[in-house]
Structure formats: structure tokens, C-alpha cells
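Comments concern the structure below.
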Amino acid sequence: MRKLLVMLLLTLALTAFCCCERDSKDSLESHGAEGIKAKRETANAFVRRQKRSYSLYERYYELHKSPMELKKEQCENYAPCDYLSDHVGFYTAYQRYFGRI
């Protein structure tokens, strides 16, 4: 019984080794340098560094945004407003979807 178990394990190990070696060769040949490219937005989102602010004004500006900047972000987060702002401008798009500025 032990001989059968050892023989079975040896066969499985050799099969796994051969399959893994063949897959790695195939993947290296088929995925050359062209297969590693990524879009710029994806790469920037993945490797995003936190900005350092050195002056007091920069720290304040990061914490407290202007009302216009908050409204621009609100329009950007709402897809129809963002789409319309590309065509007619932010001011008109914001008035259409959120009322007066």
C-alpha cells in the first residue's frame, strides 16, 4: 500500500512540475513587453503619493476649500452635470442641475 501511495505522489509531483514549467515558458513568449502596459490613469491611481505642504497657506487651503471648489466637486461627482459641463461650461451645468450658484 505504501509503495502505491509513494508512486502516486511521485507521479503527481512530476506532472505538476512539467505543467508549471510549460506554462511559464508559454507565458513568457506570449506576454512580451507589450502585455505589461497600463493606462496612465490606472498607473497614477495605483502609485499615488501624498503631497507635502510646507507653508501655512497650503495647509489651510487643503483643509478648507472655497465654496466654488466644493460646487465644482459636486458637479464632477454627478455624471450628468459633469457631462454637460464639458459642453456648455460649469456655470450653466451647475445652474441646470443644482439651482443658483
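Per-residue Cβ neighbour counts within 10 Å put PHE90, PHE17 in the sequence PHE17, PHE90, beginning with the fewest. Put in order of Cβ neighbour count within 10 Å, fewest first, the listed residues LYS71, LYS37 become LYS37, LYS71. May I ask you to derive the FRET efficiency for LYS37 and GLN74 from their Cβ-Cβ distance with R0 = 25 Å, giving the value to the nearest 0.05? Using R0 = 25 Å, I get an efficiency of 0.15.
Overall, region 57-101 carries a charge dipole of about 240 debye about its Cα centre when +1 sits on the Cβ of Lys and Arg and -1 on the Cβ of Asp and Glu, all other atoms neutral. If Lys and Arg each add +1 and Asp and Glu each add -1, what is the summed charge of the other residues whose beta carbon sits under 14 Å from the beta carbon of GLY89? Summing Lys/Arg as +1 and Asp/Glu as -1 gives 0.
What FRET efficiency comes out for GLN95 versus TYR60 if R0 is 25 angstrom and r is the Cβ-Cβ distance? Round to the nearest 0.05. Using R0 = 25 Å, I get an efficiency of 0.30.
No lab work stands behind these numbers, since they all come straight from the coordinates. Every value quoted in this text rests on a predicted model; they were computed, and no experiment measured them. As a convention, Cβ positions derive from the backbone with ideal geometry for all residues, glycine included, and neighbour counts pool all protein chains shown.
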